[in-house]
Amino acid sequence: MTDATTPAPERTLVLVKPDGVRRGLSGEILRRIEAKGYTLTAVELKNATPDVLAQHYAEHEGKPFYAPLVEFMLSGPVLAVVAEGQGVIAGFRSLAGATDPTAAAPGTIRGDLGRDWGLKVQQNLVHGSDSPESAEREIGLWFPQP
Ligand code: UDP
């Protein structure tokens with residue numbers, strides 16, 4: 001039960017990127033989030049748009065991987081997920097593993113299920129917010145309230 005004195009539970013925005021959806025790994029990724037004990041409060045298959053991606057990846061604009069990253073994120077649907085629970089922001093990033101799937105530790109999503117495909121961008125299956133501020137901003141972007 002929540003009331004005025006109970007802080008809102010921590011939330012994060014997870015994306016199963018187009019490579020994860022294409023490879024049929026959405027269920028496995030959601031399973032790992034739930035098995036860790038987090039609650040899924042929104043799950044929706046979406047087509048990203050250039051506008052949403054420009055905002056989502058604003059911090060990377062101008063970097064060499066930015067244009068191929070946006071192209072990759074537009075290459076198929078993504079599964080947008082809100083997961084909730086104490087410590088979920090750091091906890092999901094720990095479940096996801098290092099950005100480079102070749103270097104990501106076994107036991108992590110990227111370490112167990114990802115690999116280097118020799119393409120221009122790290123196709124590393126998932127995105128997870130990196131701070132409470134990013135999480136709220138990204139949840140608002142992917143699940144806009146009317
Ligand atoms: N990325 C890439 N090459 C790089 C760094 C990042 O292709 O050298 C891509 C990769 O898909 C990554 C995303 O850009 O997930 C965002 O980068 P960030 O450093 O925020 O990594 P993350 O938080 O996703 O681990």
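The modelled label-to-label distance between residue 94 and residue 34, using points 7 Å beyond Cα along the C-beta direction, is 2.2 nm.
Panel order for 29, 89, by other beta carbons found within 10 Å of each beta carbon, from fewest to most: 89, 29. Summing +1 for each Lys or Arg and -1 for each Asp or Glu among the other residues whose beta-carbon sits under 12 angstrom from that of residue 100 gives +1.
As a calculated quantity, the FRET efficiency between residue 60 and residue 105 at R0 = 22 Å, using C-beta atoms, amounts to about 0.40. Rounded to 0.05, the FRET efficiency of the residue 130 and residue 5 pair, given R0 = 35 Å and the Cβ-Cβ distance, is 0.80.
Of all lysines in the structure, the ones whose alpha carbon falls short of 26 Å from that of residue 120, not counting any fewer than 8 places away in one chain, are 17, 46, 63.
The trypsin sites (Lys or Arg not before Pro) found in the stretch 102-146 that occupy coil by DSSP, while having at most 16 further C-beta atoms within 10 Å, are 115, 120. Across the chain, the relative contact order, built from alpha-carbon pairs under 8 Å that are at least six residues apart, equals 35 percent. Taking 0.36 nm per residue of separation and subtracting the Cα-Cα distance, full extension of the segment from residue 112 to residue 86 would add 6.9 nm. Counted as membrane-span-like here are DSSP H helices of the chain whose alpha-carbon atoms extend 18 Å or more along the helix's own axis and whose Kyte-Doolittle mean is 0.5 or above; there are none. By the beta-carbon count within 10 Å of each Cβ, the least crowded to most crowded order of 84, 44, fewest first, is 44, 84.
Only the coordinates and a few stated rules stand behind these numbers; no lab work does. Source: prediction; values computed, not measured. All Cβ positions, glycine included, derive from the backbone under ideal geometry; neighbour counts span all protein chains shown.
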